[in-house]
Structures are given as structure tokens and as C-alpha cells.
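Input: a single structure, listed below in C-alpha cells.
The values are calculated or read from the model by the stated rules, or taken from the named source; none is laboratory data. This one's a predicted model, so the numbers in the text were calculated from it and none came from an experiment. All Cβ positions, even for glycine, are placed from backbone atoms using ideal geometry, and neighbour counts span all protein chains on display.
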Amino acid sequence: MCGVVGIISQKPVASELYDSLIYLQHRGQDAAGITTYNQRFHTKKGVGYVRDIFDERNMSRLIGNVGIGHTRYPTTGKYSKEDAQPVWTGVPYGIAMAHNGNLVNQYEMVDELSEKDGRHLNTSVDVEVILHVFAGKLEEIRNDGANGEFFDQICQAVQEVFRRVSGAYSVICMIVGKGLVVFRDPHGIRPLTKGSRKADNGKKDYIFASEPAVFYALGYEMENDVAPGEVIYISENGNYHSRTLETKNFTPCIFEYVYFSRPDATLDDVSVYRARLRMGQNLAKLWQAEYPDLLPDIIIPAPATSNNAALAMANMLGIKYSEGLYKNPFIGRTFIMPGQQTRKKSIRYKLVPISYEIKDKKVMIVDDSIVRGNTSKEIVKMVRDFCAKEVYVVSACPPITHPCFYGVDIPTRSELIASNKTVEAIRKHINADILLYQNLDDLIEAVTRKGEHDIYRPCAACLDGNYITGNVDGHKISELEHQRNNQRARI
Ligand code: SF4
């Protein structure tokens, strides 16, 4: 899970990249980085929150009208400054790159790049694989005489990435003396949005970002999403080139709508906020079908991602909606905090039950999803401690049974409570009187019901085990889980 941004402008970009990273902070809180260039690259990277890494002194070094930025939560690699993005190589031209996603064949590609391509990888992050495949092809073309349009050369290099690299990747890179390049994998699993504005000299500035939240603040207008399999190149003098090289079934991540993205985002022509409202509507219908004679006294979201679904569900059922669990806004989201101990501690620190809203009531807690079950268990305990009569837990997402290998920290099967427990066993484990999960079909319907989108079917591999890149079978899942566990042991 990461946030990525790139800007090519008629004026210096560093401060706008910084602002963009603040707006993308929810997508990764462990590290961040910015690289700009004029004659050469200028980089500042660090571990921690964006506001703690950058200051006036280091920002003043980030000169240039082209730049890229990244916020990181590692799904591969280490929690270190060395593994923060952007990463770069000096050959050919000087290329810096950042991405959001995760590769399925990272380890095979590291060996191949080292043994066959003769390229040395210096970090353990998967974007470096993409960087070297891309750079290697550009270098090969250059050594062969490099005739013709530079955009054609870029297209060949991206096509080589599509051929050799499997997984999810939304990539932003810049090439010294050339400009900005972005591309999105042919399934379009991770989001990538595009905005533009008119510069004072009449030319156009462009911004690309995982989510468009910052566009309005910076004066950009959302144009559209980068299409699956599309590559865009904007040269230093502002010429815009675009080509769709390859398309497969368009399967954007459904979890972006459930949990990950901000509600103000519109991704791939679907409003995240509206999708969450529809999730609540579908949950209300499911509740009425399953429990026609039972209604809670109050509906409380597990804040804040499930607020929209809980509100819609309360409206449909005609039940009072209450924010009876107050969230401390200065504590980060527990799902993306490393380490079990930190997570357990932070749930109680971040949520405070409001007694008046809970005492002697049948309380329905609506959560966006249940990953390990620890948060749900603790919330049920809190609500019971504050004397709820009964506690019903409703999840806007179906049971999460499989790990994600496409860029979201949904871990190994042994850590996923729904991977090895029935719904009834989970209900007992979290000590709820009722546990109701959204159906997968209803969730997909909620995401795809409206919008002029081209979505074939969202990726839901963590919910149904259908990994759309096609090369993730039982053996591969075990291998990737093993690699994940080894990596964690080294952290
Ligand atoms: Fe998203 Fe789940 Fe697919 Fe990962 S496996 S990309 S979290 S839907």
C-alpha cells in the first residue's frame, strides 16, 4: 500500500509534491520520499510521517520543474530509509521511479536481472525490478542506434515491463533531460489518476497521483484515470503523448473502495463515497432478509472508514446512527501499523466509547472489514464494558480468506481469521451476539452499480482466491507467504 505522485510544471514542483504527499499520507505512514531534477536528481527520503521528514532546509534543495513523490507502507522490503522510494539508476540518461503495487515474480526477476541482464539491485523493494527492466530496454535501444521518436522507445521499454513483470503496478518515473513517464499494469489493479491546469504562460501543467484529493487544493482539474496498459509521456517542453499498449480484463482492487482510499476520491469513474453508501444499502437488505424480526437500537460505525456504510444502513433500516465510538484523530490507522503489539495497544488508545450511546442498548457495530479479528474482538469488549444489552457486528466486506499479492497488506493465510475459521467460529471468537458479512456479489454490485466505468470485475482475490494475473496457484501462494515470513523475521 503506497501513495505515488508525479508533477511536470512550468514552475518548481517541490512544495506541491510535499502537499500531495500530505494528502496521500493515509496510503503509507512508514517512509516517504521526493526526487526532483533540473540538471541532476535531487532527493530527500526518510522513515516516518511526511511532516517529520521534510523541512525548509531539505525542501530548498529539491529544485526543478519535474518531480515525483512517494509515501510507503512496505508489503515487500524493509522498514528503512534505503528501501524508501523513489529509486533511481544513472544509466541510461538518469531515471528515477516510484510505484504503488506489488510484484508476484519479484524474486525470480531479481535473479534474472542479476544473472542474465548484468544489473545490480541495491534495495529489496520491487519497484527496483521495474526500474531495471525499463532502463535495460531503453539502454539496449540506445546502444542499437536509437533512431525515431523517443516516445516509441519508451513504449518499447514499457512493453518489456509488461512482458517480464507480473503483478500490480502503477508507476511514475522521470528521465533526466526528457520528462515524466507514467504507466499502469494491463489489469489496472492499483489506481492512478491524472489532472491538469493551465500555467501562466498558456502551457499545461500535469499531475498524476494515486488519488485525486490534492488536485483541487493545487488548482488542478481531474481529467481522467490512466487506463490499464496505458503509457503517458510528457516531454520537458510540454508535449503530451499517450498510447495503450496492452489491455486485459480491467480488474481494479475492490479494497480501495472498501477501506483504503479516501471517501472523496473518484477512482476509475466510481465514487468511493457513493460505493460505501451502496455497501450500507446492500447490508441493510441482507440484514432484513436474515433477521426480519430483529432491529438494533443504534448503529455505530467502527470509525472512520465504515461511517458511510453505517449511515446508509441506518437510513435504510430506520435506526438511529450514532458516532458512539469516538476516534482520537491523532492516532494512525491500526491496519497499517507494523507489529501486533503496537496494533493491540493502539485500538484502545484510538477509540473511546460514549457511554450514553451504548448503555442498555442493542448495538450494531458496522466495520469495513475483519482481517485478523483482533480489532473486532476488542471493540465488542469495549462496547460490552460500557453495558450494551447485545452486540451485533456487521462487516461491509466479505470474509478475507486469502493474502493480497497486489499491494495491500492483507497478510498470510495463518493470520487471516476467516482463512481458518467459519463465520460462526469467528462470531464466538470476537464474542458478538450476531456476526453478518456482506456477500461478495453484493459488494461487487455496490462498487459497480453506477458510473461510466469500464470495470470488467474488480479484483477480489483476497475474498475468493481468484488471482487475476493467473500465475498464483496454491504452490505460489505458499512460496510467497514463506518469503513474506522470512522478510518479517529479518526486520
Ligand atoms: Fe485488492 Fe484484495 Fe485484489 Fe489485493 S487481492 S488487489 S486487496 S482486491
For the stretch 452-468 the number of residues that are at pLDDT below 95 and in a helix (DSSP H, G or I) is 0
So, in the stretch 452-468, of the ones that are within 11 Å of the ligand (Cβ to nearest atom) and closer than 20 Å to Asp225 by Cβ, which residue ends up surrounded by the fewest Cβ atoms within 10 Å (Cβ to Cβ)? Arg457
Can you tell me which residues in the stretch 286-309 are within 29 Å of the chain's Cα centre (by Cα) and either in a helix (DSSP H, G or I) or of a type in the set (S, T, N, Q) (or both)? Leu286, Thr305, Ser306, Asn307, Asn308, Ala309
If you go through the stretch 469-478 one residue at a time, how many are assigned to a helix (DSSP H, G or I) and surrounded by 13 or more Cβ atoms within 10 Å (Cβ to Cβ)? 2
So which residues in the stretch 58-115 are touching an Asp or Glu at 6+ places or on another chain (Cβ under 8 Å), within 19 Å of Asp19 (Cα to Cα) and modelled with pLDDT under 95, if there are any at all? Arg72, Tyr73
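Matching residues to (1) among the acidic types (Asp, Glu); (2) buried (at least 21 other Cβ atoms within 10 Å of the Cβ):
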position: Gly195; (1), (2): no, yes
position: Lys198; (1), (2): no, no
position: Ile207; (1), (2): no, yes
position: Glu221; (1), (2): yes, no
position: Glu246; (1), (2): yes, no
position: Ile254; (1), (2): no, yes
position: Glu290; (1), (2): yes, no
position: Ser306; (1), (2): no, yes
Residue count, the stretch 262-281 (criterion: more than 16 Å from the ligand (Cβ to nearest atom), part of a helix (DSSP H, G or I) and either surrounded by fewer than 24 Cβ atoms within 10 Å (Cβ to Cβ) or among the charged types (D, E, K, R) (or both)): 5
Consider Ile232 against the criteria (1) in the same structural domain as His187 (by TED's automatic domain parsing); (2) surrounded by 22 or more Cβ atoms within 10 Å (Cβ to Cβ); (3) assigned to a loop (DSSP other than H, G, I, E, B); (4) not hydroxyl-bearing (Ser, Thr, Tyr): it satisfies all of them except one. Which criterion is unmet? (3)
Restrict the check to the stretch 1-12 and report whether at least one residue is more than 28 Å from Gly167 (Cβ to Cβ) and basic (Lys, Arg). yes
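Residue-wise test of (1) more than 16 Å from the ligand (Cβ to nearest atom); (2) among the aliphatic types (A, V, I, L, M).
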residue: Arg164; (1), (2): yes, no
residue: Met174; (1), (2): yes, yes
residue: Gly188; (1), (2): no, no
residue: Pro191; (1), (2): no, no
residue: Ala209; (1), (2): yes, yes
residue: Val214; (1), (2): yes, yes
residue: Tyr220; (1), (2): yes, no
residue: Glu236; (1), (2): yes, no
residue: Ser242; (1), (2): yes, no
List every residue pair whose Cβ atoms lie under 6 Å apart, where the two residues are 6 or more positions apart in sequence or sit on different chains, the first residue falls within the stretch 222-238 and is touching a residue at least 24 places away in the same chain (Cβ under 8 Å), and the second residue, located anywhere, is among the polar types (S, T, N, Q). Glu223/Ser196; Asp225/Thr193; Ala227/Thr244; Pro228/Thr247; Gly229/Thr244; Gly229/Thr247; Glu230/Thr244; Ile232/Ser242
Restricting to the stretch 244-261, count the residues that are more than 16 Å from the ligand (Cβ to nearest atom) and farther than 18 Å from Val182 by Cα. 0
All but one of (1) touching a residue at least 40 places away in the same chain (Cβ under 8 Å); (2) in a helix (DSSP H, G or I) hold for Val125; which doesn't? (2)
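What residue, of Gln156, Gln106, is surrounded by fewer than 21 Cβ atoms within 10 Å (Cβ to Cβ) and on the phi < 0 side of the Ramachandran plot?
Exactly one residue qualifies, and that residue is Gln156.
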